[in-house]
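See structure below.
The values are calculated or read from the model by the stated rules, or taken from the named source; none is laboratory data. Not measured: the values here are computed from a predicted model. Cβ sites come from the backbone with ideal geometry, for glycine too, and all protein chains shown count toward neighbours. To get the accessible areas, we keep the full protein, side chains included, count just its heavy atoms, and leave off ligands, DNA and RNA. Shrake-Rupley method; radii C 1.70, N 1.55, O 1.52, S 1.80 Å.
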Amino acid sequence: MKISKEIFERLKSSVEFFHDFSDLELFNFLKFMNPEHFGDGDIIFEEDVTGDKLYILINGEVKITKRTGKKGGVIKETELAVIKPGQCFGEMG
């Protein structure tokens, strides 16, 4: 993955997981990452679906929700967390 110096520095300083990485270690780690872009309202993964990715948020925010039922044909969801830039999340199974 080709990454800008700005993104590299932002990851190194804002993602706690990377704080103890040397620049070379982080560079080598990032070679295996693939950037993904999502829009407002996009579903990144769903509950009970086996996942195999770890996401590191660089921009925006991600709401983690749980479906809690259905009323009048409308799906009800409860917000469990809001992920901010620099935080990691994923469905690893």
Using r as the Cβ-Cβ distance of ILE43 and ILE7, and R0 as 41 Å, what FRET efficiency do you calculate, to the nearest 0.05?
0.95
Shape descriptors of the range 16-61 over alpha-carbon atoms, Rg and Dmax in angstrom, are 13.4, 36
Tell me the carbon and sulfur percent of the accessible area for the chain, rounded to whole percent, probe radius 1.4 Å.
52
Cα principal axis extents for the chain, largest first, Å
54, 24, 21
